[in-house]
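Student: A single structure is presented below for examination.
The values are calculated or read from the model by the stated rules, or taken from the named source; none is laboratory data. Predicted model, so just to flag it, every value in this text is computed and none were measured. Cβ coordinates were reconstructed from backbone atoms using ideal geometry, including for glycine residues, and neighbour counts include every protein chain displayed.
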């Protein structure tokens, strides 16, 4: 598994990096959420634009992105608009979704951009090209809130992301049993050992899948999401607790 550098952070080498999502419904709440990171140990930040009340207002979303960048000039910043179909907080027409991704990539304020694999082939490929043209790293992703696909299907989706030019390949699934969690972990290990040329981010969501957020260094997931305030997905662990556990597991 190759690593990538984002600012001064190496993703894909050493212990899993901790990404803290910023979840807020107004610009003021977003500024407060950023201020609340003081004293929190993390490696990168994700701005979840879909949680904004004005998420459909592209100008306001970009202004919020710029505000986060100004408050955290040296922190790797991931821009994400999670669609409703993949567990996001806001509906958005596909054309508007892709317009927003292009604008965020061109803004100069995001270091990485989240693009959903199944949002539409033509739009996805154009968004990947736009991000790369602006020097923005692509996190190509898929979130299945209904089930855990078979191991071969998970590996296939990750391989497709890689083949399409992802800098980081990400998948999240919803387990219905302990066996589903094992499926996700086994798929991660298989992908990492046999196919990966890019860093992976994988997780089983919810309390049942919490162990997958802790075992990345063993199985091959390069980033784990930890909450500093409101969580952005089921099963997220407090960022401080997450760092403590990851450091403990990384000890020789």
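Student: Do you know which of the residues in the stretch 2-15 that are at pLDDT below 95 and within 13 Å of residue 216 (Cα to Cα) is surrounded by the most Cβ atoms within 10 Å (Cβ to Cβ)?
Tutor: So, considering only residues that are at pLDDT below 95 and within 13 Å of residue 216 (Cα to Cα), the one surrounded by the most Cβ atoms within 10 Å (Cβ to Cβ) is 15.
Student: Next question. Inspect all residues belonging to the stretch 146-160 and state whether any of them is more than 25 Å from residue 127 (Cβ to Cβ), within 19 Å of the chain's Cα centre (by Cα) and buried (at least 23 other Cβ atoms within 10 Å of the Cβ).
Tutor: yes
Student: Please determine, by comparing only the residues of the stretch 60-87 that are in contact (Cβ under 8 Å) with a residue 40 or more places away in the chain, in a loop (DSSP other than H, G, I, E, B) and buried (at least 16 other Cβ atoms within 10 Å of the Cβ), which one is farthest from the chain's Cα centre (by Cα).
Tutor: 75
Student: Run down 119, 95, 127, 105 and say which single residue is touching a strand residue (DSSP E or B) at 6+ places or on another chain (Cβ under 9 Å), farther than 20 Å from residue 5 by Cβ and in a helix (DSSP H, G or I).
Tutor: When all the criteria are applied, what remains is 127.
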